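Just below is one structure, and these are the notes that go with it.
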Amino acid sequence: MAFNDLDLSERLDLARRGTAYFAQRLADLPDGGLSGPSLLDGWTRAHLVAHVGYNAAALCRLLDWAATGVETPMYESAEQRAQEIAEGATLSPAAIRNLFEHTVARLDGSWRSLPDAAWNAEVRTAQGRTVPVSETAWIRSREVWIHAVDLGNGGRFGDFPTVVLESLLAEIVGMWRRKGEGGGLVLQVDGAASVAVDETAETRRVSGSLAGVVRWAAGRGAVGVTVAGADEGPPRWL
């Protein structure tokens, strides 16, 4: 079963569990660790925490859009989003932690207060997709689970719920296919049928645990997988 096939209450619970997982990784970081590098090129952990905080605020704008019918984009522009993160990374450790906690509470409150009739209202994501506002549960889940690993202080894909891992893999492969990327790539999860990204002849195969294959496909390194053929890394998906 895919994430979006679950009842809404279950989807929101997975988003909240991911938020708690990220929060624990953040709590384990001393203040001095926030200035250290994250697993994302060019971003410190402070950049990453600011991004996760501002992502929650952006999702609140989509929920406001659904509740009122007044179009409220996630971000004014890609430039505004980047500037917001850059400025957020300069905050003191206490302020960065407060940003995360405040925006998490605000998002959870917006979810709880949204009228039942508004959950199917259509909104537009930062990538330009038109989706029902219930998609915010998946968008947030994806953010917090993956970025908990990106903090680089003990987060593991192996800790993710299976439905999150399977849905991530389906989304990543689907994105590669839409972009026409990943030619010749085959993914082999232990105990499951292999997945060819396209119909061209196989040139490389990535095999391993579900967590390991998803980590590799998400661009977070070859941990728990073996790569047959040239290991060029995965295509970009976001």
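Since every read-out is calculated from the coordinates, none of them should be taken as a lab result. These numbers were taken from a predicted model, which means no experiment stands behind them. Quick reminder, even Gly has a Cβ in these numbers, built from the backbone with ideal geometry, and neighbours come from all protein chains shown.
Quick one: which residues, 5+ away or cross-chain, put their amide H under 5 Å from the amide H of V123? H built at 1.01 Å from N.
V131, V133
Quick one: Cα centre-to-centre distance for segment 155-230 and segment 80-101, in angstrom?
32 Å
With N residues in segment 120-238, what two-decimal value do you get for its Cα radius of gyration over 2.2 N^0.38 Å?
Its radius of gyration relative to the 2.2 N^0.38 Å reference: 1.10.
In segment 3-155, how does Rg compare with the Kirkwood Rh, expressed as the Rg/Rh ratio over alpha carbon atoms? Could the numbers behind the result be given before it?
On the way: Rg = 15.2 Å, Rh = 15.7 Å.
With Rg and the Kirkwood Rh in hand, the quotient comes to 0.97.
So for the chain, taking the charge dipole from beta-carbon charges (+1 Lys/Arg, -1 Asp/Glu), which of G180, V225, A193 sits furthest toward the positive end?
Toward the positive end, the furthest listed residue is V225.
Set Lys and Arg Cβ to +1 and Asp and Glu Cβ to -1, take the dipole of segment 1-113 about its Cα centre, and tell me which of C60, A2, L34 lies farthest positive.
After comparing all options, I get L34.
Just to confirm the number: angle between the C-alpha axis of helix 8-27 and the first principal axis of the chain, 0 to 90 degrees, nearest 10?
Around 90 degrees separate the two axes.
Can you tell me the alpha carbon radius of gyration of segment 159-228 divided by the globular rule-of-thumb value 2.2 N^0.38 Å? Don't jump to the answer; show the numbers that get you there.
Values: Rg = 11.2 Å, N = 70, 2.2 N^0.38 = 11.1 Å.
Segment 159-228 yields a ratio of 1.01.
Using only Cα atoms and rounding to the nearest 10 degrees, what angle (0 to 90) does helix 93-113 make with the longest principal axis of the chain?
Rounded to the nearest ten degrees, it is 90.
Apply the Karplus curve 6.51 cos²θ - 1.76 cosθ + 1.60, θ = phi - 60°, to the phi angles in segment 82-91 and return the couplings in whole Hz, x for Gly and Pro.
The phi angles translate into 5, 5, 4, 5, 4, 6, x, 5, 8, 5 Hz.
Treat every Asp and Glu Cβ in the chain as -1 and every Lys and Arg Cβ as +1, leave all other atoms uncharged, and give the resulting dipole magnitude about the Cα centre to the nearest 20 debye.
On the way: 23 positive and 30 negative charges, 46 e Å.
Here the chain has a charge dipole of around 220 debye.
Applying a 10 Å radius around every beta-carbon, put 68-78, 103-113 in order of their mean neighbour count, most first.
The peptides rank, most packed first, as 103-113, 68-78.
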